[in-house]
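These notes concern the structure reproduced below.
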Amino acid sequence: MATVAALGALWLLIVLIAGRRQDLLGVAMALLCVLLATVAGVAVTAARQRDADGRPGPGGPSVHAAVEPPGVDADTLETLGDREAIRAMRDRHRRDDRSR
């Protein structure tokens, strides 16, 4: 998808530069060029993230989503406030992960 979008954006950019259009069609082509470039960038980023994690990107389903325990969120940290309690909670989550 990234390759197709990048090629489309490049083709539109070349047509815009060579044609020197300054009308409504030129504006529409420029907006489409920006849209295609954005799609290409997002597709490349998703592919890099998928390769780094070994899991699908943000839009894909995660196999571990249903079995992972919830992380420590800001409200929990504020409620606990004690570093010892936070460490104990993290250790407990790590033990739970290893036992699965």
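Selection of segment 9-24 for residues being surrounded by 11 or more Cβ atoms within 10 Å (Cβ to Cβ) and in a helix (DSSP H, G or I) yields 9, 10, 11, 12, 13, 14, 15, 16, 19.
Sub-8 Å Cβ pairs linking a first residue in segment 6-19 that is under 22 Å from residue 43 (Cα atoms) to a second residue that is small (Gly, Ala, Ser) and surrounded by 12 or more Cβ atoms within 10 Å (Cβ to Cβ), at least 6 apart or interchain, are 6/37; 6/40; 9/37; 9/40; 12/30, ordered by first then second residue.
Only the coordinates and a few stated rules stand behind these numbers; no lab work does. Model, not experiment: these values are computed from the prediction. Heads up, the Cβs are rebuilt from the backbone with ideal geometry, glycines too, and the neighbour counts pull from every protein chain shown.
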